[in-house]
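Here the structure comes first, spelled out in structure tokens, and everything after it is commentary.
The values are calculated or read from the model by the stated rules, or taken from the named source; none is laboratory data. Note that the structure is predicted; figures quoted are calculated from it, not measured. As a convention, Cβ positions derive from the backbone with ideal geometry for all residues, glycine included, and neighbour counts pool all protein chains shown.
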Amino acid sequence: MTKVICVDASRYSFDINRDLSVATRERKPGPPERIDGMTVGIVTMESDAPHGGEVHHDGDEILYVISGRLRVTGDSALNEPIELGPGAACIVKMGEWHKVDVLEKTQLLHITPGPNGDHRPRQADPS
């Protein structure tokens, strides 16, 4: 059995388990399945996240923009959103509620802790 495995990162996420073993999982529409470890994925975002914010209780999340532009807003600094462009990254600390808005079509690498987390429903547009 080969010890080097080629993976189509456009179709599969990587699950890094607590024992540091890695498995792949085909991505499905909707929010990612949370595992007991870290999920690493590359996603293309053309619209805002499908929720009104999320939080991770098991660790910090890393967001890295490959291309495009995003705005990340944390509840601890609602008036100080961070804009990320190509090559920029941010760390969302464990327990920080945050929201991701797409400023232009974005390819994003995320490293997301699990299995515990929560999300808020998206609020209706007031217009």
Discussion item. With the requirement that a residue be surrounded by 15 or more Cβ atoms within 10 Å (Cβ to Cβ) and acidic (Asp, Glu), what does segment 6-29 give you?
Written reply: ASP15
Worksheet item: In segment 31-50, how many residues are buried (at least 16 other Cβ atoms within 10 Å of the Cβ) and more than 12 Å from the chain's Cα centre (by Cα)?
Response: 2
Worksheet item: Mind checking which residues of segment 1-45 are among the charged types (D, E, K, R), more than 21 Å from THR106 (Cβ to Cβ) and in a loop (DSSP other than H, G, I, E, B)?
Response: LYS3, ARG18, ASP19, GLU33, ARG34, ASP36
Worksheet item: Of the residues that sit in segment 69-127 and are in a loop (DSSP other than H, G, I, E, B) and among the charged types (D, E, K, R), which one is nearest to ARG18 (Cα to Cα)?
Response: LYS93
Worksheet entry | Qualifying positions in segment 71-89 - within 25 Å of PRO115 (Cβ to Cβ) and in contact with an Asp or Glu (Cβ under 7 Å, 6 or more places away or on another chain) | GLY74, ASP75, SER76
Worksheet item: Quick one: how many residues across segment 88-104 are under 12 Å from ALA49 (Cα atoms) and either small (Gly, Ala, Ser) or out of contact with any helix residue (DSSP H, G or I) (no Cβ under 8 Å at 6 or more places or on another chain) (or both)?
Response: 5
Discussion item. Take GLY53 and tell me if it is surrounded by 13 or more Cβ atoms within 10 Å (Cβ to Cβ) and at pLDDT 95 or above.
Written reply: no
Worksheet entry | Pair list, Cβ < 9 Å and 6+ apart or interchain, from segment 73-99 residues that are free of Cβ contacts under 8 Å to residues at least 24 places away in the same chain to residues that are assigned to a loop (DSSP other than H, G, I, E, B) and surrounded by 17 or more Cβ atoms within 10 Å (Cβ to Cβ) | ASP75/GLY53; ASP75/GLU96; ASP75/TRP97; SER76/GLU96; SER76/TRP97
Worksheet item: Taking segment 19-33, which residues are on the phi < 0 side of the Ramachandran plot and touching a residue at least 12 places away in the same chain (Cβ under 8 Å)?
Response: THR24, ARG25, GLU26, ARG27, PRO31, PRO32
Worksheet, complete the sentence: Within segment 90-106, of all residues that are among the hydrophobic types (A, V, I, L, M, F, W, C) and surrounded by 13 or more Cβ atoms within 10 Å (Cβ to Cβ), the one farthest from ILE62 (Cα to Cα) is LEU103
